[in-house]
Amino acid sequence: MAKHEKFNFKTYEDLESKINALGVDVSLQKDLSPLAQKVNIGHKIAPNAIAVLPMEGCDSNTDGSPSELTERRYMRFASGGAGLLWWEANAIVPEGRANALQMMLTASNVGKFSALLKKTQKAAAEYNGVEHKAINILQLTHSGRYSRPEGHVPRPLVPQHDPLLDERSGVDPSSDKQIVSDAYLDSLVERYVYSAKLAWEAGFDGVDIKSCHRYLVSELLASYTREGRYGGSFENRTRLVRDTVRAIKQACGEDFIVACRFNVFDCHPYPYGFGVDKEDFWVFDPEEPMAFVRMLKEEGVELLSNSAGNPYYIYPQVTRPFDLSSMGIPVPNEHPLESIERLFSFTRKIQNEAGDIPVVGNGYSWLRQFAPYVGAANLMKHDCSFMGLGRSSFAYPNAPRDILQKGEMDPRSVCIACSKCTQIMRDHGRTGCVVRDAELYAPLYRQARKDAEGRENV
Ligand SMILES: Cc1cc2nc3c(=O)[nH]c(=O)nc-3n(C[C@H](O)[C@H](O)[C@H](O)COP(=O)(O)O)c2cc1C
């Protein structure tokens, strides 16, 4: 592994020579036309191959409906011209919210979601042409170990104990009271269906059964030590996703897309991590992740996105390569281009296994204005079907339009991978880009820091 470095490339050729010097499997090409290609998702068609990845703002109203800040974010995303908008984590049950302001679609607020969706569609057409009809997917989640539904107190609900994570996440290692029962997991299927039906009613094209970042379903995939119908065997650990996909397909019909964003690789030791070698958790073991893709395909899932790692633990570069980390995180033992290479290799494997089911890739934001050259090369090789933009979408929501209409991104608008958006989340604030959207988010960043320091000093 090479030394961690900050981004310091002025030209395409500078980046290319660093890639060559490191010997990483990351390609670039100047022809950006693959990004403009339409993509089939189930029975629907996305107008281009750029996606906004789910990016939680932690800023809904207390009832889970979109607030003014949420609305502003989605209006910016939609006007930006991406072909696929993957809406952030929405809790399926109140106790599974990651924070008191996490979005949560309910029968009483579905009208607000529907109104916002219509407004974003109108804005998207105004800025990108009447033909532009982006696909909107709503991510459904239960935050499991990272549930914190009210205030600042963690209320973890976990499928199994984890010696590395329990104390850090507020789980009492000596008691089983925070371990969810089989009956509780059984009951979640109908909660997913309830949320999916509401999403359909609101006008979304589909939902994602979020299975990444070590929230409940993601941790279930790795529940090797759990007993009963949801633990141990592959069949048991994947039961909740399988039953949920089936039930949603039955309830919402063929035209409603069921997607799955899942952790291909937890980078966490066996028997607590998914997709890892039993001896060395930094080594990827593709066997179960590939079997999971085959299972999702058989069940009729029509859209996939891979992610990796645990953003709450000490290796967040596995999920999102950065220049600077949020507080308390060590400098990674690898170059960000190596972290990117790892993410791309996962997307490639998943796309190969998934065949004609589109896979949304990630890990592009660190590449700043050069992301489109890399995304186009990955699309050209069929290593993914969408270039997904996460932090970049906070910083530079118009990037898709600039790429497609001007053929370039403006270096003065790009995400600088400074992790301040993550820091706000860790400080329990409402998040966005502190650098490129500074007027709004720099004060929110300072306030959240001050409040967090105040809590630490009590
Ligand atoms: C502030 C913040 C919020 C995020 N929210 C979500 C989320 O709601 N759902 C999800 O699947 N991933 C979420 N992610 C992860 C991103 O979607 C993405 O995988 C990651 O940032 C890497 O992509 P990037 O390099 O383009 O940022 C979030 C990341 C950040 C920094």
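Rule-based calculations on the coordinates, nothing more; no lab input. Computed from a prediction, not measured in an experiment: that's the story for all the values here. Heads up, the Cβs are rebuilt from the backbone with ideal geometry, glycines too, and the neighbour counts pull from every protein chain shown.
Here are the numbers for this structure:
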{"item": "Fraction of antiparallel bridges per DSSP, the stretch 12-415 only, in percent to nearest 5", "result": "10 percent"}
{"item": "Förster-model FRET efficiency, 45 Å R0, residue 229 and residue 279, C-beta, rounded to 0.05", "result": "0.95"}
{"item": "Cα centre as origin, Lys/Arg/Asp/Glu Cβ charges: the stretch 311-458 dipole, Debye", "result": "240 debye"}
{"item": "Among 290, 447, 340 the positive-end extreme of the charge dipole of the chain (Cβ point charges)", "result": "447"}
{"item": "Modelled FRET efficiency - R0 41 Å, residue 1 with residue 68, Cβ distances, 0.05 increments", "result": "0.40"}
{"item": "Extension gain (nm, one decimal) between residue 356 and residue 14, 0.36 nm per residue minus Cα-Cα", "result": "119.7 nm"}
{"item": "Excluding exposed DSSP-loop GluC sites (Glu not before Pro) (at most 14 other C-beta within 10 Å), longest clean stretch of the chain", "result": "280-407"}
{"item": "Principal axes of the stretch 238-289: Cα extent on each, largest first, Å", "result": "43, 16, 15"}
{"item": "All aspartates and glutamates inside 17 Å of residue 381 as judged from Cα atoms, apart from same-chain residues fewer than 8 positions distant", "result": "25, 31, 341, 353, 356"}
{"item": "Pairwise centroid distance, computed over Cα atoms, of the stretch 37-111 with the stretch 123-195, Å", "result": "15 Å"}
{"item": "Net length gained if the chain between residue 37 and residue 380 were fully extended (0.36 nm per residue, minus Cα distance)", "result": "122.4 nm"}
{"item": "Other-chain or far-sequence residues with amide H under 5 Å of residue 307's (modelled H)", "result": "262, 263, 264"}
{"item": "Extended-chain gain in nm, criterion 0.36 nm per residue less alpha-carbon gap, residue 172 and residue 327", "result": "53.3 nm"}
{"item": "Relative counts (whole %) of C-alpha pair distances in the chain, using bins that are 10 Å wide", "result": "4, 22, 34, 28, 10, 1"}
